[in-house]
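Here the structure comes first, spelled out in structure tokens, and everything after it is commentary.
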Amino acid sequence: MSKTDNNPLALALRSEILKHTAFAPRAHLEGIELPSSFKLPSLTEVSADISQLAKIQREGGPEEIRSLFVSSKPGAPPPGRGEAMSEPMRYNVLLANLFRFSYFARSTDVPDSILEPVIFALKMFIRVMEEGTEQQLRGMGHILPNQTLEFGKYFILSNARYKVITHLLHPDIDRADEALPYLTAAMEADMARKGMETRTPWVENPFLWWRYGDALVWTGEYADAKPVLENVLAACSAQKINMASTIIRVRIQLAQVLAQLGEEKNEHIEWAAKYLRKNPKILPPPDLTQLLAHKGQPAHPVLRELGGMEWLLARRTTVRTEERQAKQCRQCGAREPQKKLFRCSQCQHIWYCSKECQKQNWKLHKENAQSRERAELLKLIDPSKAQKAADWLEWRNLPHEANTYALAHALGLRRDPSRGRTHIVFRQVEWVPRARDMRHRFRVRAAGVFRITDVLRDIESIMQIGRGEGREYVDGLLEELDGARTGREIVPILDITTGEGIETWMGSSGLTLDRLRGVPYDPNWRKIMNKGEAAGPLRPKSGAPDAENIF
């Protein structure tokens with residue numbers, strides 16, 4: 001066994017590799033679309049560099065390459081003779097995979113176990129860009145031949161700073177004091193850009209200023225934090241993208257800031273407490289704990305208003321809280337409190353932010369409205385059947401686990417998101433009229449996962465459409481999903497659900513890629529579909545094989 005085999009970081013990363021091999025981290029840079037052929041270094045390659053970094057740090061620096069000089073790339077001017085590398089440059093050369101991964105990997109995809117070495121690499125890379133001469137940076141390939149030095153440095157430093165800031169403010173790292181210099185440098189660089197003299201920086205880059213406000217609060221700089229956070233809050237309403245989460249976080253922070261400044265008027269305490277009571281799981285648990293119970297901070301007034309740590313540790317969801325958490329414009333994805341939403345008057349289930357979005361979404365939504373009309377007519381004929389139809393309409397539209405994460409687990413979307421377009425879940429349900437909780441009003445008796453191409457004839461038969469029309473029907477649903485929520489990465493989820501005495505329903509929904517990546521795969525999805533008894537296997541009439549575990 002080699003020395004590196006016992007390295008804690010390497011061992012931890014090997015565990016992460018097992019979790020991530022099927023769902024590898026993505027490459028992402030703000031301001032540029034990377035080519036589809038671009039590949040991040042594998043986590044195995046990164047692990048090897050991390051082991052090498054540990055060895056270097058034990059032995060007191062990268063001595064083995066201390067004599068190296070900057071090498072010239074094709075088309076770049078050669079560096080001056082005898083121009084030795086600085087320490088950051090030597091690390092950059094020796095740990096090329098770690099540096100490349102740290103700079104290009106999407107921040108949210110970096111495994112928690114390697115955050116520290118990634119932070120180290122980003123800090124060193126920032127020094128490379130800040131301290132290197134033009135000849136050195138071009139020689140190392142960091143500034144491309146067709147780029148000006150000014151643009152190249154701004155673009156690279158902006159991305160590197162933003163990523164190191166995100167990692168330093170991560171709940172598991174939580175070092176706001178280290179993040180502040182990078183935040184300050186990033187904001188100064190933004191404001192120094194040509195054309196920014198007449199523009200408002202926190203409107204142009206609200207995420208950067210919001211994180212600056214966070215760091216100021218967590219380092220006790222309340223007076224400086226107040227105007228920053230107030231400006232960000234005002235800027236959120238002007239954004240075309242979804243800023244609901246940022247609004248919630250900023251108001252929680254402002255409640256603390258005003259309390260510590262001794263201001264009597266503090267509307268943010270009541271607003272934040274009321275919102276969190278209604279939406280207890282709107283923020284990830286580590287993020288909410290960081291906001292409400294930050295180490296070294298005075299007791300948070302919002303947490304006190306909620307009832308203290310007991311509330312934070314015992315948050316529970318109900319049908320209503322799950323509905324609120326899923327409440328968003330069905331067309332564009334907008335959420336409250338950034339935009340006021342209204343409920344469709346015909347189906348009473350779907351929400352929109354504007355009449356324009358409602359009109360654009362009508363084709364996708366009209367089946368729900370027609371189902372409600374049929375349920376209302378049934379009341380005149382058979383009240384029992386009408387109640388069953390009304391329950392079915394409500395159950396199938398609820399954002400409970402049986403209709404969201406259980407389907408995602410069944411399809412294997414965390415391992416391969418493309419299966420949302422190639423596979424479908426078939427379900428058979430039965431009515432449980434005595435269940436008090438609407439989430440359990442229907443029990444999934446059987447379920448199966450199938451390749452769409454294998455069950456097109458089944459789809460045609462179940463949906464009562466013509467032979468050969470199944471593919472067109474499925475493609476139409478996928479196109480409608482793609483047309484909605486413009487600009488958001490949506491992974492489709494298709495299912496067909498049948499049951500005695502209910503309308504057959506072909507569901508077409510989706511989860512954002514970020515939301516999907518944040519939920520660990522649960523192989524017991526058949527059990528979480530129901531309360532208690534797990535769903536059994538399902539075999540379609542065509543005899544198509546179950547494809548749950550066929551990748």
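The values are calculated or read from the model by the stated rules, or taken from the named source; none is laboratory data. None of the values given here were measured: they were computed from a predicted structure. Positions of Cβ are backbone-derived with ideal geometry, glycine not excepted, and every protein chain shown enters the neighbour counts. We work out accessible area using only protein heavy atoms, side chains counted, and drop any ligands, DNA or RNA first. Shrake-Rupley method; radii C 1.70, N 1.55, O 1.52, S 1.80 Å.
Scanning the stretch 110-129 for residues that are open to solvent by less than 10 Å² (accessible area, probe 1.4 Å) and either at pLDDT below 90 or not aliphatic (A, V, I, L, M) (or both) yields a count of 2. Quick check: anything in the stretch 454-465 in contact (Cβ under 8 Å) with a residue 12 or more places away in the chain, more than 19 Å from Trp525 (Cα to Cα) and within 21 Å of the chain's Cα centre (by Cα)? For the stretch 454-465, residues in contact (Cβ under 8 Å) with a residue 12 or more places away in the chain, more than 19 Å from Trp525 (Cα to Cα) and within 21 Å of the chain's Cα centre (by Cα): absent. Beta carbons closer than 6 Å, at least 6 apart along the sequence or on distinct chains, pair a first residue in the stretch 467-481 that is part of a helix (DSSP H, G or I) with a second that is of a type in the set (S, T, N, Q) for Leu477/Ser508; Leu481/Ser508.
Within the stretch 245-269, being open to solvent by 30 Å² or more (accessible area, probe 1.4 Å), more than 20 Å from Trp311 (Cα to Cα) and not small (Gly, Ala, Ser) holds for Gln260, Leu261, Glu263, Glu264, Lys265, Glu267. Between Ile252, Ile248, Ile269, the distinction of being over 13 Å from Pro337 (Cβ atoms) and aliphatic (A, V, I, L, M) belongs to Ile269 only. Please tell me if Ala272 is open to solvent by less than 20 Å² (accessible area, probe 1.4 Å) and modelled with pLDDT of 90 or more. Judged against the criteria, Ala272 is a match. Pairing each residue of the stretch 130-152 that is open to solvent by less than 40 Å² (accessible area, probe 1.4 Å) with any residue that is part of a loop (DSSP other than H, G, I, E, B) and among the β-branched types (Val, Ile, Thr), provided the two are 6+ apart or on different chains, yields C-beta distances under 8 Å for Gln136/Val70; Leu137/Ile143; Gly139/Val70; Met140/Val70; Gly152/Ile143. Residues in the stretch 225-240 that are surrounded by 15 or more Cβ atoms within 10 Å (Cβ to Cβ) and over 23 Å from Glu305 (Cβ atoms): Val228, Asn231, Ala235.
In the stretch 89-99, the qualifying residues are those that are of a type outside the set (Val, Ile, Thr) and surrounded by fewer than 20 Cβ atoms within 10 Å (Cβ to Cβ), and the one that is nearest to Leu157 (Cα to Cα) is Ala96.
The set of residues in the stretch 92-143 being acidic (Asp, Glu) and either touching an Asp or Glu at 6+ places or on another chain (Cβ under 6 Å) or not in a helix (DSSP H, G or I) (or both) consists of Asp112 alone. Restricting the stretch 21-40 to residues that are crowded, with 16+ Cβ neighbours inside 10 Å, in a loop (DSSP other than H, G, I, E, B) and of a type in the set (A, V, I, L, M, F, W, C), the residue that is modelled with the highest pLDDT is Leu40. Here the stretch 276-295 is the region considered, the condition is being part of a loop (DSSP other than H, G, I, E, B) and modelled with pLDDT of 85 or more, and the residue that is most open to solvent (accessible area, probe 1.4 Å) is Lys295. Do we have any residue at all in the stretch 135-154 that's modelled with pLDDT of 85 or more, more than 26 Å from Asp172 (Cβ to Cβ) and under 28 Å from the mean Cα position of the chain (by Cα)? Taking every residue of the stretch 135-154 in turn, at least one turns out to be modelled with pLDDT of 85 or more, more than 26 Å from Asp172 (Cβ to Cβ) and under 28 Å from the mean Cα position of the chain (by Cα). The set of residues in the stretch 491-508 that are part of a strand (DSSP E or B) and surrounded by fewer than 20 Cβ atoms within 10 Å (Cβ to Cβ) comprises Thr498, Gly499, Met506, Gly507, Ser508. Among the residues making up the stretch 168-218, none is touching a Lys or Arg at 6+ places or on another chain (Cβ under 6 Å) and at pLDDT below 85. Summed over the stretch 510-551, residues that are basic (Lys, Arg), in a helix (DSSP H, G or I) and modelled with pLDDT of 80 or more total 2.
Scanning the stretch 399-429 for residues that are closer than 22 Å to Thr453 by Cβ, of a type in the set (Ser, Thr, Tyr) and out of contact with any Lys or Arg (no Cβ under 9 Å at 6 or more places or on another chain) returns a single hit, Ser418. Screening Ala447 on (1) assigned to a strand (DSSP E or B); (2) without any contact (Cβ under 8 Å) to a residue 12 or more places away in the chain shows it passes everything except condition (2). Here is the figure for the stretch 41-62: residues that are in a helix (DSSP H, G or I) and either of a type outside the set (D, E, K, R) or under 30 Å from the mean Cα position of the chain (by Cα) (or both) total 14. The set of residues in the stretch 408-444 that are part of a helix (DSSP H, G or I) and either under 15 Å from Lys527 (Cα atoms) or among the aliphatic types (A, V, I, L, M) (or both) comprises Ala408, His409, Ala410, Leu411, Met438, Arg439, His440. If you scan the stretch 455-472, which residues turn out to be open to solvent by less than 70 Å² (accessible area, probe 1.4 Å) and not hydrophobic (A, V, I, L, M, F, W, C)? Asp458, Glu460, Gly466, Gly468, Gly470, listed by residue number.
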